[in-house]
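Reading through the structure tokens given below for one structure.
The values are calculated or read from the model by the stated rules, or taken from the named source; none is laboratory data. This one's a predicted model, so the numbers in the text were calculated from it and none came from an experiment. Don't worry about glycine lacking a Cβ; one is built from the backbone with ideal geometry, like all the others, and counts go over all protein chains shown.
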Amino acid sequence: MIRRTLHYITAFIILGIYGGQVCPFLESLTVLQLVVPIFVTMALLYLIQIVFLNGIAERTSLKLQSRRVFQLELGSFVTAGVSVMIFNTVYYQFPLGSGMKVVLALSLMGFFAAIDLSLEKEWLLNKKFEATGERIEPDLVFFSHPKKLVFFSSISMFLTAGAIFLVINKDLDWMATVGREIPMETAQRYILTEIAFVVGVILLHMFNLIYSYSRNFRNFLSNETAVLQKATTGNFEVFVPVSSNDEFGVMAKHTNLMVEGLKKSTEELQQTRDITILSLASLAETRDNETGNHILRTQLYVRALAVHLQGHAAFKEYLSDDIVELLYKSAPLHDIGKVGIPDNILLKPGKLTEDEFEIMKSHAALGAASLKIAAERLGSNSFLNLAREIAMTHHERWDGKGYPHGIQGDAIPISGRLMAVADVYDALISKRVYKEAFSHEKARQIITEWQGMNFDPNVVEAFFAIEDEFLEIAGEFQDNEE
């Protein structure tokens, strides 16, 4: 609305003040005789544009609205020029040539105004689509930007040349009639001032169009770049607004199709990952004397610890949201190596002998080895790498006296440190064939005693901070008593 108003006011001022300088017939009119017809015509067409023609543009399909704005605005200015020409021809008996100068002047200003308002419409549609998610469907054949550039350049040169020609022609007539009566320097200055004024007006309009076009172009590139950057980091809940029926619209459309395709492929891979983990965990569960609820509880414990430690300086860089989610998904595979332990040891109801315990301890390395083979088949970025890390290190101790490798302190992967606390806590509070379930208080006391020996002190502190959450998980998913 504001830009349209400025264009109409600018056209009225330029034609009203300077029309007489271009056409000697207009120059013969008084100021009121010159400006009143122009003002009335422009004001009337402006009101028609606001009241009626805007509605026509809005009811046009979204892909054609920008073009329709161009057509209606240019049509309004040309109509204004023709109306003034007819009025002057009928009322003042001006020759056709004089009227055509008015038509040309308003057509030139209308051409620039129509392009500017058309570009503004594209920009407004883009902002609307950013907010609503609406999209247009670009045509297979469209008015391309190279064609637009040729069209704009050709029309601009033609109209500009016509306006300058009229000024020079008028000045040549003026010099032939009165030019000898004034000094040559004054005449030259007068002529150059007129030409500079016309060229300046045209340049200002062109600079405005360059700004409008660059704003739209910058907006498109910003959206395109932002979507591509987010997509490369795994965020597929983004889109580029498809708001123009041209190359930009086609690029935006296919960028969105690409992002949607990546999203679908990623979801399928995530489903494959989850099914793989669930299948392997179920396999381990069929041979273990521990229940499925143990797997579920430890999975939830690990996630609770990881979420809490996301705010800890020593952990926040590693524990991104994606890693926390993958830790949660991978935790059920921590004891998958037990499928390789003989039944007489794995299912023994009593205490294991020293030799039997050594065999039992091998489940960490067995699980890691099997997951390593699977991960290598899936590639270096396989989600099973984290599961392998958990299986290998969840029995390592902070003081280096764990197994299978006896690593200690920060050398133990964070995933293993989290799993160690979760696994031991659940083993303590759960009933086994070889022991009764301990209370939460007893389990807490044991974990406290083992802080700095078996467990990372920071992870134990996290356990203390969220022990109520551990209690809720244990209560909600407790084992069924037979």
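Report, ordered by the first and then the second residue, all pairs with beta carbons closer than 9 Å, sequence separation of six or more or different chains, a first member in region 145-162 that is in a helix (DSSP H, G or I), and a second member that is surrounded by 11 or more Cβ atoms within 10 Å (Cβ to Cβ) and β-branched (Val, Ile, Thr).
Once the first residue is in a helix (DSSP H, G or I) and sits in region 145-162, its partners that are surrounded by 11 or more Cβ atoms within 10 Å (Cβ to Cβ) and β-branched (Val, Ile, Thr) give PHE152/ILE115; SER156/ILE202; LEU159/ILE202; THR160/VAL198; THR160/VAL199; THR160/ILE202.
Out of the residues in region 436-458 meeting the condition of being over 23 Å from ILE414 (Cβ atoms) and of a type outside the set (D, E, K, R), tell me which one is nearest to the chain's Cα centre (by Cα).
HIS440
Just one of (1) surrounded by 13 or more Cβ atoms within 10 Å (Cβ to Cβ); (2) free of Cβ contacts under 8 Å to residues at least 60 places away in the same chain trips up PRO457, so point out which.
Going through (1) surrounded by 13 or more Cβ atoms within 10 Å (Cβ to Cβ); (2) free of Cβ contacts under 8 Å to residues at least 60 places away in the same chain one by one, PRO457 breaks only (1).
Among the listed residues ALA43, ALA105, which satisfies the condition of being among the small types (Gly, Ala, Ser), crowded, with 22+ Cβ neighbours inside 10 Å and at pLDDT 80 or above?
After ruling out the rest, the residue left standing is ALA105.
Among what's in region 307-365 and is in a helix (DSSP H, G or I) and of a type in the set (Gly, Ala, Ser), pick the residue that is farthest from the chain's Cα centre (by Cα).
Here the residue is GLY340.
Of the conditions (1) of a type in the set (Val, Ile, Thr); (2) under 14 Å from the mean Cα position of the chain (by Cα); (3) closer than 16 Å to LEU149 by Cα, THR255 fails just one. Which one is it?
Against the list (1) of a type in the set (Val, Ile, Thr); (2) under 14 Å from the mean Cα position of the chain (by Cα); (3) closer than 16 Å to LEU149 by Cα, THR255 comes up short only on (3).
Suppose we filter ASP343, ASP335, ASP322 for residues that are surrounded by 17 or more Cβ atoms within 10 Å (Cβ to Cβ) and acidic (Asp, Glu); which single one remains?
Just one listed residue meets the conditions, ASP335.
Among residues belonging to region 238-272 that are in contact (Cβ under 8 Å) with a residue 24 or more places away in the chain and not in a helix (DSSP H, G or I), point out the one that is farthest from ARG135 (Cα to Cα).
Selected residue: ASP246.
Working only within region 53-76, note down all residues that are at pLDDT below 85, assigned to a helix (DSSP H, G or I) and touching a Lys or Arg at 6+ places or on another chain (Cβ under 6 Å).
Start the filter on region 53-76 by keeping residues that are at pLDDT below 85, which leaves 53-64.
This time we only want the ones that are assigned to a helix (DSSP H, G or I), so: 53-59, 62-64.
Selection gives ALA57 alone.
Residue-wise test of (1) within 21 Å of TYR318 (Cβ to Cβ); (2) surrounded by 16 or more Cβ atoms within 10 Å (Cβ to Cβ).
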{"site": "ALA411", "(1), (2)": "yes, no"}
{"site": "ILE414", "(1), (2)": "yes, yes"}
{"site": "VAL424", "(1), (2)": "no, yes"}
{"site": "LEU428", "(1), (2)": "no, yes"}
{"site": "LYS435", "(1), (2)": "no, no"}
{"site": "SER439", "(1), (2)": "no, no"}
{"site": "LYS442", "(1), (2)": "no, no"}
{"site": "GLN445", "(1), (2)": "no, no"}
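Just to be sure I understand, how many residues within region 77-86 are at pLDDT 85 or above and surrounded by fewer than 23 Cβ atoms within 10 Å (Cβ to Cβ)?
5
Confirm whether ARG297 is in a helix (DSSP H, G or I) and crowded, with 24+ Cβ neighbours inside 10 Å.
yes
Residue-by-condition table, conditions (1) aromatic (Phe, Trp, Tyr); (2) assigned by TED's automatic domain parsing to the domain that holds THR60; (3) surrounded by 15 or more Cβ atoms within 10 Å (Cβ to Cβ):
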site	(1), (2), (3)
ILE191	no, yes, yes
LEU203	no, yes, no
ASN216	no, yes, yes
GLU224	no, yes, yes
PRO241	no, no, yes
GLY249	no, no, yes
THR255	no, no, yes
THR266	no, no, no
